[in-house]
Amino acid sequence: MTIHENVQQLVQSVRLYFPDLWSTRTHSITFRNTRGGYLRSRLTLLGIVWGILIVLWIPFDLFFLPQDQGYPIAIARLCLGGMLAFIAWQAHYRTKLKHAQQLITLMVLCLNIFYIYSISVLDFPQVYSGFIYGYTLLPIIHVAILTIFPITLKENLGLMAITACCQIGVDILANRLLSPENLAGYWLQNVLALMVIWSQQSKLYMLMRLYRQATLDPLTGIYNRRMLLQLAQKAMENCEQEKQPFTVLLFDIDKFKRVNDTWGHGAGDMVLRGFTQFIQSRIRKTDLFGRYGGEEFVLFLPNCDHQQAIEIAERTLQSLRSLKIAIEIDNAHLMITSSIGISSFTHGDSLSSLIDRADRALYECKDAGRNCYRYHALGQLHHHTERRRKIA
């Protein structure tokens with residue numbers, strides 16, 4: 001591969017992933033939850049370990065510092081250790097991403113407040129060696145500890161800005177902002193900040209790729225069967241607790257095997273992607289849509305009863321009949337239809353029984369000639385005692 005191709009590949013990757021690396025705006029709800037759990041676990045461990053280390057340093061302060069400086073800083077260390085323990089405890093019990101973000105911000109604020117207080121107690125030291133010198137290096141440590149968090153670039157810049165503002169404020173009060181030693185320290189800290197950002201973005205990028213490989217269908221980019229059923233189970237339980245309706249639509253692209261046999265599997269893949277984009281453009285953010293297997297797709301509709309689902313199915317089939325999917329073969333466009341099996345949650349249902357009724361309804365669509373929908377209520381019997389072989 002030439003240098004030009006490498007550069008093009010790098011630019012394409014940056015263009016593809018930069019919105020995800022910049023902020024959480026484009027992240028899915030499930031990925032936010034996944035990253036929130038990842039941040040919480042690291043924040044809990046960091047709060048415990050860092051809090052213990054902060055407190056264990058108290059004897060050194062009392063031994064090496066004068067009494068009028070050692071005792072106030074020791075008390076401040078106890079307070080900081082207590083806050084870090086509190087942050088660790090909160091991170092363990094809070095489950096949402098925004099809670100993890102808030103706790104990380106609180107941790108950075110507490111560390112910087114301790115830095116400002118300790119430097120003021122030490123009367124803004126000008127020396128660059130000895131025991132006191134360690135306190136002037138605290139901002140560098142505050143930047144370095146952010147390395148363990150897979151946070152977005154926007155989040156990282158906000159946290160680093162807190163440390164930078166505190167450090168600049170201290171240097172102004174100490175009248176050393178433009179001293180050669182201080183400028184060299186800033187240079188070192190900026191280099192470290194770039195390395196931290198690189199490490200964070202690498203972690204976030206890897207976490208995102210692993211998440212997508214584990215939860216998304218590689219062809220269509222929607223939820224795979226395993227992840228879809230996990231999310232649907234939770235959504236169904238929430239609807240049951242809140243006494244809200246919950247409905248499932250099971251789609252099957254009609255005569256899909258004929259597309260593969262006539263135009264090839266590449267054209268079949270384009271049809272699957274085109275159908276996916278078509279459905280995604282017509283669903284709510286709260287709906288769960290995924291690939292169930294082959295040419296079958298499932299749409300779970302929280303807070304939607306069977307009558308509303310039937311209306312959705314009617315509109316979908318009507319719009320689908322006019323859809324033309326380009327297959328990049330002789331400038332051809334394919335038109336497709338779909339059959340839709342519908343079932344709605346009833347008390348005592350399981351997710352398996354709900355999908356099974358939608359599946360039976362789908363087979364009735366096949367018996368009726370395809371390109372239609374059927375609804376299966378609880379207790380409704382299928383017309384055939386034996387499952388018919390699906391005809392492509």
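Residues of the range 318-355 that are crowded, with 16+ Cβ neighbours inside 10 Å and within 30 Å of Glu237 (Cβ to Cβ): Ser338, Ser339, Ile340, Gly341, Ile342, Ser343, Ser344, Phe345, Asp349, Leu351, Leu354, Ile355.
Residues that are in contact with a helix residue (DSSP H, G or I) (Cβ under 7 Å, 6 or more places away or on another chain) and not in a helix (DSSP H, G or I) within the range 151-194 comprise Ile151, Thr152, Arg176, Leu177, listed in sequence order.
Taking the range 46-84 as the range and being touching a residue at least 40 places away in the same chain (Cβ under 8 Å) and under 23 Å from Leu97 (Cα atoms) as the test, the residues that pass are Leu46, Gly47, Ile48, Trp50.
Yes/no per residue for (1) without any contact (Cβ under 8 Å) to a residue 24 or more places away in the chain; (2) in a loop (DSSP other than H, G, I, E, B); (3) of a type outside the set (D, E, K, R); (4) over 25 Å from Ile312 (Cα atoms):
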position: Gly221; (1), (2), (3), (4): no, yes, yes, no
position: Met227; (1), (2), (3), (4): no, no, yes, no
position: Gln230; (1), (2), (3), (4): yes, no, yes, no
position: Gln233; (1), (2), (3), (4): no, no, yes, no
position: Asn238; (1), (2), (3), (4): no, no, yes, no
position: Lys243; (1), (2), (3), (4): yes, yes, no, no
position: Asp252; (1), (2), (3), (4): no, no, no, no
position: Met270; (1), (2), (3), (4): no, no, yes, no
position: Phe275; (1), (2), (3), (4): no, no, yes, no
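Looking only at the range 35-66, filter to residues that are among the charged types (D, E, K, R) and over 13 Å from Leu78 (Cβ atoms); which one of those is surrounded by the fewest Cβ atoms within 10 Å (Cβ to Cβ)? Among them, the one singled out is Arg42. Of the strands (runs of 3 or more DSSP E) lying entirely inside the range 281-358, those containing at least 3 residues that are assigned by TED's automatic domain parsing to the domain that holds Leu231 and either over 30 Å from Ala267 (Cα atoms) or in contact with an Asp or Glu (Cβ under 6 Å, 6 or more places away or on another chain) (or both) are 296-302, 338-344.
The values are calculated or read from the model by the stated rules, or taken from the named source; none is laboratory data. Note that the structure is a prediction, hence the values are computed from the model and not measured. Note that we place each Cβ from the backbone using ideal geometry, even for glycine, and neighbour counts take in every protein chain shown.
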